[in-house]
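Accompanying notes for the structure given below.
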Amino acid sequence: MSVEGSTYIDQFPSEAKLIRTAFYSSFVALFVGALMGLLQVFHRLDIARIVESADYYSLLTLHAVLLVLTFTIFFLVAIFTWAVTTSLDRGLESMRFAWAWYGLMVAGTLMAGIAILGAFIPGLDMSAAVLYTFYAPLQAHPLFYLGLVVFIVGTWIAGFDWFRSWWAWKRENPDERIPLPTFMALTTTLFWYLSSLGVAISVLVFLLPWSLGIFDQVNALLTRTLFWYFGHAVVYFWLMPAYMLWYTLLPKISGGKLFSDPLARVVFVLFLILSTPTGIHHQYLDPGIAEGFKFIVMVNTMFLLLPSLLTAFTVVASMEHGARQRGGSGTFGWLRALPWRDPVFAGMALAGLMFAAAGFSGMINAGMNINYLVHNTWWVVGHFHLTIGTAVALTFMAVTYWFLPQMTGKKLWSKTAGLVQVLLWFLGMTFMSNSMHRQGLIGVPRRTAEPEYRGFEYEVAVGSMSELNMQIAIGGTLLFISALLFLFIVGMTVLGSRTDGIADNGFADTLSGPEDAPRVLDNLKLWTIIAVLLVILAYSLPLASIISRGGVFGPGGSPSPQFIESVLLYGEVAVDTASKVVS
């Protein structure tokens, strides 16, 4: 662990600079993405429209890509770099190598962003209004797909960087257990390699060559399936760093210890092996996939409740332990002893509470028969605003108030303002997600600039559409105000003066430590092999069926010789590189 009384920036000044820069990149994406979200709310509700409805989808794409990929993953690489260096008590192996993967991520984001904004730049013949779900038949400018490739390669190299640090540490400590934060970062990285391989193949082999005109068509169902192979798994890629923070920081901030290190390891192993073979549950209404495959995936998805339930038990037990150390007593009276006035604790605790609500709506999405009622409605949008929009985003914003002093040596500008900010976000998302779920139940569609058709009114059992729309307008406005307040607090903190006494860069102690966990939990090769086998079992037959019916490139389509040559050269290199990194 870190030296007593020292700060992170004293021990790892170069890594701290990288982490700060990744944080700031994340916050820029948060601001632009939040602004796009507010403009969407005003457009759909016909409050104020700054673009034509045809251009609305470019705003939606920018909102989704910046918040779903850029904001979350830049924050994630910062958090995992901190977790690995602090828990291993060693810096990264090469800062030049580290800045290279950060540069690739920035370059990829800019390329994709320029392609999306091309619709608004006079004289720039670009468009990427393909939404976050960027599968065929919608087609984007090649720069968009190339940006995605560069960004994902950057994340792969970042993960390899963390593995390099662990391998070096392991050579020096062959008999030591993997520290819990590093274990969480490494299992998440392995999971990311496995799940992102699907979207890498989709973009490199199909979408990018298609957009370049190398061949005329693609198998739309195949690209859609490859996307959802990645598209649902990426939800857990956002969530796993939030889980890590709940396990390693929340008990400490509560005043206690983590209830069980072994249970935390089990949870991350379960995420590694169970999260990827579930994407077809986004395709229950797709006619090209047999019902039997969909049923199997539904069962797989239900198993993912287990790591979430284990997390709820472990984290709440840890919080209760902390509250009782602070003098709390009684069956529920200990809740009052928790540090609710601390924005770090309050934000993370409220994020966890919202995630519990997201779990209930997620069960609806996972069930085949009930999913038919809410598929492609605003219910789904309400669900993932509870997951990424609250469980992840609110956790990330709250812990920023803990991390920023550690990485800058400057005192947080105002804890009171921070508390107001996290409460505003929680309140805004409560209004917005409640209305989205209710509108989804009456069939209001998602992915549309014009949700209400001329001469048609939705029947609302309780209240009215105007009341539901007002909730969304209020919620969206509160969320944007909260985002602005968050950025203001960050800016004021960064501009402040250095101060002494900021040295709390460690993790929560444990009531049950790694010595109580079976050593097999640390066998990352074993769990990776099992994860790969489950993916093969879940996807080999559906993919074979899709290809046999529609062909690799779609009915009647045949790739050009130039395309075949490029796939042989670049496709195999990409897959081979990913395989080597995982092994």
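A short reminder: the numbers here are calculations on the coordinates, not readings from a lab. None of the values given here were measured: they were computed from a predicted structure. Glycine gets a Cβ as well: all are built from the backbone with ideal geometry, and neighbour counts include every protein chain shown.
What does the charge dipole of the stretch 105-233 about its Cα centre add up to, to the nearest 20 debye, if the Cβ of each Lys and Arg holds +1 and the Cβ of each Asp and Glu holds -1?
160
Which value, in debye to the nearest 20, gives the size of the charge dipole of the stretch 8-126 about its Cα centre, when Lys and Arg are +1 and Asp and Glu are -1 at the Cβ? Walk me through the intermediate numbers first.
Details: 6 positive and 8 negative charges, 27 e Å.
For this selection, approximately 120 debye.
Report the paramagnetic label zone for residue 420: residues of the stretch 333-376 whose backbone N is under 17 Å from a point 7 Å from Cα along the Cα-to-Cβ axis.
Counting backbone N atoms under 17 Å from the label point, the list is 341-344, 347.
As a footprinting exposure proxy, order 170, 257 by other Cβ within 10 Å, with the fewest listed first.
Least to most surrounded, the residues fall as 170, 257.
How much length, in nm to one decimal, is gained on full extension between residue 176 and residue 121, taken as 0.36 nm per residue of separation minus their Cα-Cα distance?
On the way: separation 55, 0.36 × 55 = 19.80 nm, distance 5.60 nm.
Stretched out fully, the residue 176 to residue 121 stretch lengthens by 14.2 nm.
Fewest Cβ neighbours within 10 Å first, please rank 534, 190 accordingly.
Listing 534, 190 from fewest to most nearby Cβ atoms yields 534, 190.
Arrange the following residues from fewest to most other Cβ atoms within 10 Å of their Cβ: 470, 244. Provide the component values of the computation, followed by the final result.
On the way: 470 15, 244 25.
With the fewest neighbours first, 470, 244 line up as 470, 244.
If the label point is 7 Å along Cα→Cβ of residue 28, which residues in the stretch 487-522 have backbone nitrogen under 19 Å from it?
The answer is 487-495.
For residue 448 and residue 474, FRET efficiency with R0 = 22 Å and r from the beta-carbon atoms, rounded to 0.05?
Step by step, r from the Cβ atoms, then E = 0.55.
Tell me the mean residue ellipticity at 222 nm calculated for the chain from its helices only (DSSP H runs of n ≥ 4, each -39500 (n - 2.57), averaged over every residue, nearest 500).
On the way: 23 runs with 380 residues, N = 583.
Helix-only estimate at 222 nm: -21500 deg cm²/dmol.
Set the bar at 21 Å for Cα to Cα. Now go through 252/411; 252/415; 170/257; 257/525 and name every pair that lies beyond it.
Violating the 21 Å Cα-Cα cut-off are 170/257; 257/525.
Taking the convex hull of the Cα atoms, report for the stretch 354-500 its projected area averaged over all directions, in nm².
So the mean shadow area of the Cα hull is 10.3 nm².
Of 29, 147, 426, which is farthest along the charge dipole of the chain in the positive direction, counting Lys and Arg as +1 and Asp and Glu as -1 at C-beta?
426
What range in the chain is the longest one free of chymotrypsin sites (Phe, Trp or Tyr not before Pro) that are in a loop by DSSP and have at most 11 other Cβ atoms within 10 angstrom?
The longest uninterrupted stretch comes out as 1-331.
So how strong a dipole does the chain carry about its Cα centre when Lys and Arg Cβ are +1 and Asp and Glu Cβ are -1, to the nearest 20 debye? Before the final figure, lay out each step's value.
Numbers: 31 positive and 33 negative charges, 142 e Å.
It works out to roughly 680 debye.
7 Å from Cα along Cα→Cβ at both residue 212 and residue 368: what's the point-to-point distance in nm?
Result: 4.0 nm between the two label points.
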